[in-house]
1. Would it be correct to say that ALA12 is modelled with pLDDT of 95 or more and surrounded by 21 or more Cβ atoms within 10 Å (Cβ to Cβ)?
2. Condition (residue is at pLDDT 95 or above, out of contact with any Ser or Thr (no Cβ under 7 Å at 6 or more places or on another chain), within 19 Å of SER163 (Cα to Cα) and open to solvent by 20 Å² or more (accessible area, probe 1.4 Å)) applied to segment 126-136: is it met by at least one residue?
3. Between residues in segment 54-83 that are over 16 Å from LEU113 (Cα atoms) and residues that are open to solvent by less than 10 Å² (accessible area, probe 1.4 Å) and more than 16 Å from ligand 1 (Cβ to nearest atom), which pairs lie under 7 Å by C-beta distance while being six or more apart or on different chains?
4. Identify, by number, the condition in (1) within 22 Å of the chain's Cα centre (by Cα); (2) within 25 Å of ASP104 (Cβ to Cβ); (3) open to solvent by 90 Å² or more (accessible area, probe 1.4 Å) that VAL139 doesn't meet.
5. Quick test for you: out of GLY64, GLY19, GLY39, pick the one residue that is within 26 Å of GLU166 (Cα to Cα), small (Gly, Ala, Ser), open to solvent by 10 Å² or more (accessible area, probe 1.4 Å) and touching a Gly at 6+ places or on another chain (Cβ under 8 Å).
6. Out of VAL160, VAL169, which single residue is out of contact with any strand residue (DSSP E or B) (no Cβ under 6 Å at 6 or more places or on another chain) and surrounded by 14 or more Cβ atoms within 10 Å (Cβ to Cβ)?
7. Return a yes/no flag: does segment 36-55 have any residue that is within 20 Å of ALA142 (Cα to Cα) and acidic (Asp, Glu).
8. Report, ordered by the first and then the second residue, all pairs with beta carbons closer than 8 Å, sequence separation of six or more or different chains, a first member in segment 119-145 that is on the phi > 0 side of the Ramachandran plot, and a second member that is open to solvent by 90 Å² or more (accessible area, probe 1.4 Å) and at pLDDT 95 or above.
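The values are calculated or read from the model by the stated rules, or taken from the named source; none is laboratory data. In this text, all values refer to a predicted model and were calculated from it rather than measured experimentally. Cβ coordinates were reconstructed from backbone atoms using ideal geometry, including for glycine residues, and neighbour counts include every protein chain displayed. Keep in mind that these areas ignore ligands, DNA and RNA; they rest on the heavy atoms of the full protein, side chains included. Shrake-Rupley method; radii C 1.70, N 1.55, O 1.52, S 1.80 Å.
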Amino acid sequence: MSVNELAEAGVATVYEARGRRGLIDESFEPLLPGRAIAGPARTALCGQDDNRTVHEVMAHVRPGEVLVLTMPEPRPVALLGDLLATQALARGAAAVLVDAAVRDVADLRELGLPVWTRWRRVKGAGKNVRGAVNVPVTVGGATIGPGDLVVLDDDGAAVVPASDLEATVAAVRERLAKEAGLRERWRAGELSYDAYGMRAQDAS
Ligand SMILES: O=C([O-])CC(=O)C(=O)O
Ligand SMILES: [Mg+2]
């Protein structure tokens, strides 16, 4: 069983396999499209419009983690740019999910650290307010606790509570097998409209 299976399955499949739970229901732009990542969350709840806590959380990041950065009321203020991203990369972060803005976008792409962001905006953050690191945060209506698994791809983001990992991987495998079977049938020309009984319903 591995966290990588969640990344390979993708956000939509993980969400569906969990009975449509754990979606981080907000629009995030991947700065490096085509990447699929899953890793344990390392969270930072910044002060409003302030990224002092992003500086602080870099001291906690461990290899493979997904940094999750937010603030009480997410706004298009740059919490992350290339200097902070360079620290995340040096510490082995797998990705960063920014529930705010990023800047230095060309440099972020060049660095190769996968970043998902809600906005890209230059407006600078303050460096004064001590927020909280390693606390549960709410992003896109979902609660993300430190160590919960965050899954990221071109569709967006989902979270799997750490305690649900094993059950989720089993459900994901089951769903992938089911979808593979369906894909074969649709490829052979069968229609879901018929197979799911929709045509018969519409005719009655
Ligand atoms: O300094 C900041 O607040 C954000 C930034 O531009 C960087 O990390 O390079
Ligand atoms: Mg900068």
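1. No.
2. Looking through segment 126-136, none of the residues is at pLDDT 95 or above, out of contact with any Ser or Thr (no Cβ under 7 Å at 6 or more places or on another chain), within 19 Å of SER163 (Cα to Cα) and open to solvent by 20 Å² or more (accessible area, probe 1.4 Å).
3. Hits for this filter: THR70/VAL137; THR70/VAL139.
4. Result: VAL139 passes all but (3).
5. On inspection, the qualifying residue turns out to be GLY64.
6. VAL169
7. No, segment 36-55 contains no residue that is within 20 Å of ALA142 (Cα to Cα) and acidic (Asp, Glu).
8. Close Cβ pairs (under 8 Å, with a partner that is open to solvent by 90 Å² or more (accessible area, probe 1.4 Å) and at pLDDT 95 or above) amount to GLY140/ASP25; GLY141/ASP25.
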